[in-house]
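Working notes, beginning with the structure itself.
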Amino acid sequence: MNVTAHNRTYSGRPNDPVRPFGIGFVVLAMMPLVILPLASIFYYGFNKGPIHFWEAVKAPAAIYSLQLSLMTSSVATVCNVVFGIIAAYVMYKYRFKGSSALMIVISLPTAIPTAVAGVALLLVWGRSGLFGSLLEYTDYQVMFTTAAIILANIFVTFPLAFGVIKPALDNLDPSFESAAETMGATRWQTFLYVVLPSLRGAIITGALLTFARCIGEFGSTIMVSGNKAKTMTAPLYIYAKFNEAEVEAATAIAAVLAVISFIVFSLILFTRNRLEK
Amino acid sequence: MMAQAMLNQVYETEIYAEPAALKNNALIVNGLSKQFGSERVLDDISFSIAEGESLVLLGPSGSGKSTTLRLIAGLETPDGGDIFLHGRHIEHLRARERNIGVIFQNYALFPRMTVADNIAFGLKIRGVKRKTRDAKVEELLAMIGMTEHRDKYPSQISGGQQQRVAIARALAYKPELLLFDESFSALDPQTRTGLRREIRLLLQKLKIPAMFITHDQEEAMELGDQIAILNKGRLEQIGTPREVYDNPQTEFAATFLGAANVVEVCRNDGVELLDCRQCEALPTNDWQSPERVKIIFRPEDVVLSAATSLPEAEKHLGHGIVVDVNFTGALEVVRVKLLSLNQFGYLNSANCQNFDQPCDLIIKVLRTKWDAQRMPLNPKDKVGVWLRDHKMLENKL
């Protein structure tokens with residue numbers, strides 16, 4: 001499908017004199033804005049040779065921050081994908097008063113600045129917050145722990161998976177469910193064997209989008225992490241190292257993060273083309 | 001009220017009498033009604049399907065035929081009426097508890113399952129063991145001639161093949177009734193005719209009762225042991241294709257199953273007068289209180305003859321002027337404009353000649369190529385028009 005779309009792309013009339021200027025402009029504009037900054041991460045990361053790079057990546061604090069980022073991002077992704085599937089199915093199946101209002105509320109978190117999201121979480125889960133004050137009675141604390149980072153990630157990426165799964169559900173022919181039902185399937189069996197497999201592509205895309213957004217999250221995590229080594233995610237580590245003027249250490253981890261993002265992004269493109277038909 | 005009375009009757013007979021009706025009929029639908037908002041889509045529909053027979057619900061879109069199917073399948077809840085499947089009261093059951101197979105309009109094959117997995121689905125849901133399941137699937141694949149396509153996905157097979165798979169998928173769990181929802185409309189005409197014949201044979205072999213819904217009269221004639229004609233949520237007529245075609249009870253039934261000419265006539269004292277204008281225009285004092293009735297006749301029941309030769313004993317429509325002649329292959333379609341106020345069936349009466357003027361009434365006539373060769377017709381020819389057969393609709397104006 002993509003191939004035909006590509007073939008049909010308008011390629012301009014032959015010998016169009018504007019053509020080289022058009023293409024040249026796009027590439028030139030991207031140079032200082034996108035291409036050079038990305039390239040320089042790898043340039044500075046490997047500036048003192050691969051051994052230095054490897055040393056920087058291998059530092060225990062660096063490894064810890066990468067592990068923490070991967071772990072919190074994964075947990076947040078699983079939570080939001082599960083929520084996204086359930087919410088999308090509920091909104092698809094039922095029409096109720098205020099359903100469009102609920103749709104807006106679900107989609108709201110992406111529109112909120114990440115620092116604001118961090119503050120908002122602090123207000124609820126912090127010591128004087130609604131849940132935070134209840135937790136005071138236990139030994140458990142949420143803010144300034146790994147849990148806080150997961151909460152921040154969940155908040156910031158809340159509607160991403162939902163936003164991909166809901167349209168896929170809307171495109172699903174309702175007669176599939178009817179057919180399964182007449183064949184004797186319960187609601188749960190219908191959902192499991194018929195609805196869910198049809199959403200496979202959307203679920204994977206939604207998960208990757210969520211993960212990609214989580215792994216780079218900075219604004220909200222810096223608010224809730226409490227500037228502790230235990231809660232230092234990879235982006236926070238980069239920031240800290242820059243502040244300490246350890247540019248090589250910072251750029252090395254930045255390069256690793258960039259590569260992870262590239263991989264996730266290519267996977268998104270791949271699933272879009274292959275799994276979503 | 002009526003429905004309630006009938007319902008009570010059915011209950012009583014079911015409990016105390018166990019009549020033949022409940023035993024011999026696979027499906028009984030009694031007084032089924034459904035309303036969507038303020039719109040009454042089904043109004044007191046009753047019919048039955050005998051064991052091993054097929055019924056076609058024929059009607060235009062919006063006639064309520066799809067709703068009837070969805071009510072029987074359990075995909076909608078009726079507002080009133082009863083549904084019995086093999087003597088079992090089912091209208092309160094969920095779709096999955098009814099054991100009915102539905103072949104949807106677009107077949108609704110599960111896109112992420114192979115042909116074999118689609119067929120196995122109903123058995124898997126019922127917890128049938130893998131070995132038994134596989135054997136049954138193989139048997140069904142062989143029956144529909146798709147063994148070599150077992151591992152393909154629905155998007156990789158043709159529309160006709162998809163329909164076969166949909167049927168096999170429904171047959172797998174031995175349904176008590178098969179419902180076909182406009183299942184042929186998406187196929188090209190040749191595949192359609194072939195598949196219809198195959199399905200007819202298959203149903204006869206398996207003796208599974210079936211209900212088809214369609215708006216295609218040709219399909220209805222070919223598939224149905226019985227045809228039920230539905231219009232605006234009401235059942236117009238039910239009977240064998242021949243009964244409905246030869247003896248339509250309503251104008252709608254006549255015009256929807258086959259083509260029909262409908263002519264309004266005025267009748268008084270057993271004498272009918274063809275009325276192109278109004279009954280009030282009738283001139284003589286003999287016609288005190290003329291009654292309006294409609295006569296219905298098929299295009300093939302009309303005989304055209306030379307203007308001067310009209311056999312006296314037959315039912316006449318008097319004279320007409322040929323409007324146009326269309327050759328359609330086996331048959332020729334002639335449209336004839338009738339001349340007004342002819343006395344229906346009494347050509348030689350004194351009144352006739354006086355009113356021999358053109359009117360707006362055009363009838364359609366079918367002639368075989370032999371008739372066409374014997375008496376070639378051209379537009380503006382004057383012809384005598386008489387009927388081999390007609391049907392009068394009493395009090396149905």
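Restricting A:G206, A:G201 to residues that are under 30 Å from B:A170 (Cα atoms), buried (at least 17 other Cβ atoms within 10 Å of the Cβ) and touching a residue at least 24 places away in the same chain (Cβ under 8 Å) narrows the list to A:G201. Residue-level analysis places B:R133 outside the set of residues that are within 14 Å of another protein chain (Cβ to nearest Cβ) and within 30 Å of B:H215 (Cα to Cα).
Okay, residues lined up against (1) of a type in the set (F, W, Y); (2) farther than 22 Å from A:L236 by Cβ:
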residue	(1), (2)
A:F83	yes, yes
A:A111	no, yes
A:A115	no, no
A:V119	no, no
A:R127	no, no
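Of all the criteria given as (1) assigned to a helix (DSSP H, G or I); (2) open to solvent by 60 Å² or more (accessible area, probe 1.4 Å); (3) not aromatic (F, W, Y), the one not satisfied by B:A220 is (2). Check whether at least one residue in segment A:233-242 is surrounded by fewer than 16 Cβ atoms within 10 Å (Cβ to Cβ) and away from every other protein chain (no Cβ under 14 Å), and report yes or no. Yes, because at least one residue in segment A:233-242 is surrounded by fewer than 16 Cβ atoms within 10 Å (Cβ to Cβ) and away from every other protein chain (no Cβ under 14 Å).
Looking at segment B:160-180, which of the residues that are in a helix (DSSP H, G or I) and either within 17 Å of B:L123 (Cα to Cα) or basic (K, R) (or both) is farthest from the other protein chains (Cβ to nearest Cβ)? Here the answer is B:R164. Residues of segment A:41-50 include none that is among the polar types (S, T, N, Q) and assigned to a helix (DSSP H, G or I).
No other residue among B:R88, B:R96 is within 30 Å of B:Q156 (Cα to Cα) and open to solvent by 50 Å² or more (accessible area, probe 1.4 Å) apart from B:R96.
Every residue, every condition in (1) open to solvent by 20 Å² or more (accessible area, probe 1.4 Å); (2) touching an Asp or Glu at 6+ places or on another chain (Cβ under 7 Å); (3) closer than 30 Å to A:S175 by Cα; (4) part of a helix (DSSP H, G or I), yes or no:
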position: A:F53; (1), (2), (3), (4): yes, no, no, yes
position: A:V57; (1), (2), (3), (4): no, no, no, yes
position: A:I63; (1), (2), (3), (4): yes, no, no, yes
position: A:S69; (1), (2), (3), (4): no, no, no, yes
position: A:C79; (1), (2), (3), (4): yes, no, yes, yes
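Exactly one residue among B:L206, B:L202 is loosely packed, with under 15 Cβ neighbours inside 10 Å and of a type in the set (A, V, I, L, M, F, W, C), and that residue is B:L206. One residue stands out among those in segment B:64-85 that are within 13 Å of chain A (Cβ to nearest Cβ) and in a loop (DSSP other than H, G, I, E, B): the one that is least open to solvent (accessible area, probe 1.4 Å), which is B:G74. The residue of segment B:108-130 that is surrounded by the fewest Cβ atoms within 10 Å (Cβ to Cβ), among those that are facing another protein chain (nearest Cβ under 9 Å) and either closer than 19 Å to B:E176 by Cα or in contact with a strand residue (DSSP E or B) (Cβ under 8 Å, 6 or more places away or on another chain) (or both), is B:R126. Quick check on segment A:111-125. Is at least one of its residues part of a helix (DSSP H, G or I), without any contact (Cβ under 8 Å) to a residue 24 or more places away in the chain and closer than 30 Å to A:L199 by Cα? The answer is yes, given that some residue of segment A:111-125 is part of a helix (DSSP H, G or I), without any contact (Cβ under 8 Å) to a residue 24 or more places away in the chain and closer than 30 Å to A:L199 by Cα.
The values are calculated or read from the model by the stated rules, or taken from the named source; none is laboratory data. Computed from a predicted model, the values in this text were never measured in an experiment. No Cβ is skipped: glycine too gets one built from the backbone with ideal geometry, and neighbour counts run over all protein chains shown. Ligands, DNA and RNA are excluded from the accessible area calculation, which covers all protein heavy atoms including side chains. Shrake-Rupley method; radii C 1.70, N 1.55, O 1.52, S 1.80 Å.
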